[in-house]
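Notes follow once the structure below has been shown.
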Amino acid sequence: MVSSWRWFVGWQGTEVAVTLIDADSHLFEPRDMWARYADRADRELALTIADDELGWSWLTFQGRRLHEAEVPVPGHVIELGEARRAHRRGEGPLVSYDEALPPAYTDPDARIGLLDEQGLDATVLFPNHGLVWEDQLDDVRARRANMRAHNRWIGEATEGTRRLLGVGHLDLGELDWLEAELANLEKHGVTLAMVAPSTVDGKSLAHPDLDLTWAAFAAHNVAPVFHVGAHRRPFDAAWYDLENDPVNTFTDSVLLWAAPAVALTNMAAFGVFERHPELRVGVVELTAAWIVPWLLYLDGGVGFISGLLGREPAALSMQPSEYVRRQVRVAALAYEQVGGLIEQAGDDLFMFGSDWPHAEGIADPLGSYRAANPGITGRAADQLYGGNVAWLAGLD
């Protein structure tokens, strides 16, 4: 592929022209990572992976089980369900967590080797266990202690190679803490950070009190990214009263797009992107097909309310959708018929993401994605398969 952009990395004495980047994969945290990387005073607050009496592994906080620690295989969702049924029957695992964990799931060097096999030049590395605990830790100090530990670990794990694009984990509630974490991520070359698409201490993301927050992201060259995770939902808790799992809910699996849609509606219509033109925002694993009609509704809604009330929601110099096209990038899942989305919304919005190695992900990131989305060529392919995520990560 001849790309319209290039950036280079040095790895083991070689120089590689990078054009193919997976916008969504995951690196598994070691069992004791949070304790090893937490501040000394916070180590009693550290998460850990511990085994129960049957040999099943759990992510735990001070002895409380938060979620099963599982080893998924891409494309094998049913097998995870069978393992959970075996657990409920009181049976032990066929293979222990550590025995089942392939090196490329957790080891940065092994992951780089796998990228060569997959035909990829680079990949974005989101947390794995870090997706399930944020909203389960009510204690702010504990939440930030474990986020800080993750940020130190991912910075160390990915420093020195631009083939692995680590993702930090941040809480927007305290500016001083946030700026310290952003500075640490910047020092290690981490330019992406997972944040919740939800309100902050009762304030919307476009509230003026958060302007210094968005300015800090831009100043440190870190892009906030909305991703699937255990964060506060945009719906009333009663809608979940029949669910069987605190993290993997049927309602959220159907409405993955709702939280980022609410967050971006607020940010675009009420001036965050107008006031912070250098801010870059990502949306990953939260689906992408909703973007096309939403952009229409976004502009139409602002036009209607402005006409009805005789004033705009905020002083904007462009249509709200234009800010989104300028400053937001969205990872599309393989089954979403991405070529049609690009035809309707343009080349610069969508990114290819595999969700490797999760069970709902694809085993052959590049090959399976291309097979599901034939006919994307030229600049559209360049942007989808690398250019847009490179822009989001501030690399091109």
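The values are calculated or read from the model by the stated rules, or taken from the named source; none is laboratory data. As the structure is a computational prediction, the values presented were derived from the model and not from experiment. Here Cβ is always computed from backbone atoms with ideal geometry, including for glycine, and neighbour counts include all displayed protein chains.
How about segment 46-65: which of its residues are under 27 Å from the mean Cα position of the chain (by Cα), in a loop (DSSP other than H, G, I, E, B) and of a type in the set (G, A, S)? Correct list: A46 only. Taking the criterion of being closer than 20 Å to D51 by Cα and free of Cβ contacts under 8 Å to residues at least 40 places away in the same chain, the residues of segment 72-88 that qualify are G81, E82, A83, R84, R85, A86, H87, R88.
Which one is nearest to R233 (Cα to Cα), of the residues in segment 94-153 that are surrounded by fewer than 15 Cβ atoms within 10 Å (Cβ to Cβ) and of a type in the set (V, I, T)? Here the residue is V140.
From the set of residues in segment 1-22 that are touching a Lys or Arg at 6+ places or on another chain (Cβ under 8 Å), surrounded by 13 or more Cβ atoms within 10 Å (Cβ to Cβ) and not in a loop (DSSP other than H, G, I, E, B), which is modelled with the lowest pLDDT? Among residues in segment 1-22 that are touching a Lys or Arg at 6+ places or on another chain (Cβ under 8 Å), surrounded by 13 or more Cβ atoms within 10 Å (Cβ to Cβ) and not in a loop (DSSP other than H, G, I, E, B), the one modelled with the lowest pLDDT is W11. In segment 177-201, the residues that are at negative phi and free of Cβ contacts under 8 Å to residues at least 12 places away in the same chain form no Cβ pair under 8 Å with any partner that is buried (at least 17 other Cβ atoms within 10 Å of the Cβ) and of a type in the set (A, V, I, L, M), whether six or more places apart or across chains.
Which members of segment 326-357 meet the condition of being closer than 23 Å to L20 by Cβ, among the charged types (D, E, K, R) and not in a loop (DSSP other than H, G, I, E, B)? Hits for segment 326-357 are R329, E336, E343.
Considering every residue within segment 196-207, establish whether at least one is part of a loop (DSSP other than H, G, I, E, B), modelled with pLDDT under 95 and in contact with a Leu (Cβ under 8 Å, 6 or more places away or on another chain). For segment 196-207, residues part of a loop (DSSP other than H, G, I, E, B), modelled with pLDDT under 95 and in contact with a Leu (Cβ under 8 Å, 6 or more places away or on another chain): absent. Considering only residues of segment 340-393 that are surrounded by fewer than 16 Cβ atoms within 10 Å (Cβ to Cβ) and small (G, A, S), which is farthest from V292 (Cα to Cα)? Per the stated criteria, the residue is A363. Within the span defined as segment 378-387, every residue fails to be in contact with a helix residue (DSSP H, G or I) (Cβ under 6 Å, 6 or more places away or on another chain) and in a loop (DSSP other than H, G, I, E, B). Restricting attention to segment 190-202, the residues being under 16 Å from F235 (Cα atoms) and either of a type outside the set (S, T, N, Q) or under 13 Å from the mean Cα position of the chain (by Cα) (or both) number 4. Of all residues in segment 14-69, those satisfying the criterion of being in contact with a helix residue (DSSP H, G or I) (Cβ under 6 Å, 6 or more places away or on another chain), touching a residue at least 12 places away in the same chain (Cβ under 8 Å) and not aliphatic (A, V, I, L, M) are T19, D22, F28, E29, W34, Y37, D42, W56, S57. Checked against the criteria, A268 does not count as over 23 Å from Y369 (Cβ atoms), out of contact with any helix residue (DSSP H, G or I) (no Cβ under 6 Å at 6 or more places or on another chain), in a helix (DSSP H, G or I) and modelled with pLDDT of 95 or more. Among the residues of segment 238-286, those identified as over 12 Å from V328 (Cα atoms), exposed (fewer than 14 other Cβ atoms within 10 Å of the Cβ) and not polar (S, T, N, Q) are A238, W239, D241, L242, E243, D245, P246, F250, V254.
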